[in-house]
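*Asks:* Quick one: the structure is below, and I'll ask about it shortly.
The values are calculated or read from the model by the stated rules, or taken from the named source; none is laboratory data. The model shown is predicted, which means the values in this text are computed figures rather than measured ones. Please note: Cβ atoms are built from the backbone with ideal geometry, for glycine as well, and neighbour counts cover all protein chains shown. The accessibility values were calculated without ligands, DNA or RNA, using every heavy atom of the protein model including side chains. Shrake-Rupley method; radii C 1.70, N 1.55, O 1.52, S 1.80 Å.
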Amino acid sequence: MVDVLIPFPADSLAPPPGLDVHVWAGELTTSTGPDMLTSADTTDIPPPDVLDRVEYYVIPYGFSPAAVDLIERLPKLRAVQTLTAGYEHVVPYLRDGLTLCNARGVHDASTAELAVTLTLSTLRGIPAFVRAAPSGEWLQGWYDSLTDRTVLIVGYGAIGRAIEARLLPFECDVLKVARTAREGVAGFDALPELLGRADVVMLILPLTDDTRGMVDAEFLGRMRDGAVLVNVARGPIVDTDALVAEVGSGRIRAAMDVTDPEPLPAGHPLWTLPGALISPHVGGLSSAFLPRARRLVRQQLTRLAAGEPLANVVVGPGA
């Protein structure tokens, strides 16, 4: 019998035999607001005698310190599962021998939808229309179309593929870059040349030591005049001061679901720059999340019960 700790009621997953399932929902303390993804209700954490037996832990969705701190209270833990695609916030809590699995596949559809939404909104002038509405200003004119544009996806993984699938019906050209070059996908070393060819540059890559601050003044300076930077990855990948300078000059535009700092403070210049569109880190926060998260956890529990290797291993044994 393997003890597992999950954030969903066991009857919602119909877990396979051979598992002793415990639940800590880690319910968010607020349904909206800047601490939505960083706060969790710890009052219903299972008692110590249960924690002492847990071997597989699914962290409640979000970035709550209390949720990752719990790893240190699970002495028999063998594997940790995030419900986020990014996992940089968990790595510092891992100890030798622990396996970490991420939520690859869970956020593909939702994040891809938002990436395309931010792109279309920026190109077609939607932010300006919204700002003009209270005064009744009629901003009729010519606006950019996604059709016939060139889009560069920086970080071509599972979500990048989902974004491409949604872009192609718009009759645009898609260029792809990833850390490792492969057929049809260029390596990061090709970025200096590709940036000058793109009308839209989409960031969907993990935050690592190599990618932190990667989008700096030089990167932005290589983008075409009038191009749009779309960030649905992590805020610190972009040098915020360099971005403010470029967008503030009017040379490029930006649509950001993530920022650095985050939440973006009131009064920050990005809020009011005419060429900037900000959404409050909602790439994964849609009705598409829960059914896909439950499906992933159910599949992982089936593998665990059968003694099979876990999927989506990103750190530790099996990575």
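*Asks:* In percent, what relative contact order does the chain have, based on Cα pairs under 8 Å that are 6 or more apart in sequence?
*Replies:* The normalised contact order for the chain reaches 16 percent.
*Asks:* Is segment 187-293 rounded, prolate or oblate when judged by the Cα gyration tensor, a ≥ b ≥ c being the square roots of its eigenvalues, rounded requiring a/c under 1.5 and prolate requiring a/b larger than b/c?
*Replies:* Oblate, since a/c reaches 1.5 and b/c is not below a/b.
*Asks:* By DSSP, what percent of the beta bridges with both residues in the chain are antiparallel, rounded to the nearest 5?
*Replies:* Counting only bridges with both partners in the chain, antiparallel ones make up about 10 percent.
*Asks:* Going by amide H atoms built from the backbone, whose H comes under 5 Å of the H on residue 213, apart from near neighbours?
*Replies:* HN-HN under 5 Å from residue 213: 237, 238.
*Asks:* Near the amide H of residue 174, under 5 Å away, which other amide H atoms are found, from residues 5 or more places off or on another chain, if H is placed in the peptide plane?
*Replies:* Sorted by chain and number, the residues that satisfy this are 151.
*Asks:* Residues of segment 91-133 with amide nitrogen under 20 Å from the 7 Å Cα-to-Cβ point of residue 179?
*Replies:* Residues passing the 20 Å test: 91-108.
*Asks:* In deg cm²/dmol and to the nearest 500, what is the mean residue ellipticity at 222 nm of the chain if only DSSP H runs of at least 4 residues count, each as -39500 (n - 2.57), divided by the residue total?
*Replies:* That comes out to -7000 deg cm²/dmol.
*Asks:* In whole Å, what are the extents of the chain along the principal axes defined by its C-alpha atoms, from largest to smallest?
*Replies:* 65, 48, 33
*Asks:* Any idea what the relative contact order of segment 143-186 is, in percent, if you count C-alpha pairs under 8 Å spaced at least 6 apart?
*Replies:* Once divided by the residue count of segment 143-186, the mean separation gives 44 percent.
*Asks:* For segment 83-124, what ratio Rg/Rh do Cα atoms give with a Kirkwood hydrodynamic radius?
*Replies:* Here the Rg-to-Rh quotient is 1.22.
*Asks:* Rounded to a whole number, what % of the accessible area of segment 256-305 do carbon and sulfur atoms account for, probe 1.4 Å?
*Replies:* C and S fraction of accessible area: 59 percent.
*Asks:* For the chain, with only Lys/Arg (+1) and Asp/Glu (-1) charged at the beta-carbon, what is the dipole magnitude about the Cα centre, in debye rounded to 20?
*Replies:* Roughly 640 debye for the chain.
*Asks:* Quote the relative contact order of segment 238-319 in percent (integer), defining contacts as alpha-carbon pairs under 8 Å separated by 6+ residues.
*Replies:* Across segment 238-319, relative contact order equals 23 percent.
*Asks:* How big is the Kirkwood radius of segment 117-198, worked out from every pair of different alpha carbons and given in Å to one decimal?
*Replies:* 14.5 Å
*Asks:* Still on this structure, please answer the following. With the cut-off at 1.5 for a/c, could you classify segment 5-101 from its C-alpha gyration tensor as rounded, prolate or oblate?
*Replies:* oblate
*Asks:* By its C-alpha gyration tensor, with a ≥ b ≥ c as the square roots of the eigenvalues, how is segment 46-166 shaped: rounded for a/c under 1.5, else prolate for a/b larger than b/c, else oblate?
*Replies:* Prolate is the answer for segment 46-166, as a/c is 1.5 or above and a/b outweighs b/c.
*Asks:* What is the antiparallel percent of DSSP beta bridges lying wholly in segment 181-254, to the nearest 5?
*Replies:* Here the antiparallel bridges make up roughly 10 percent for segment 181-254.
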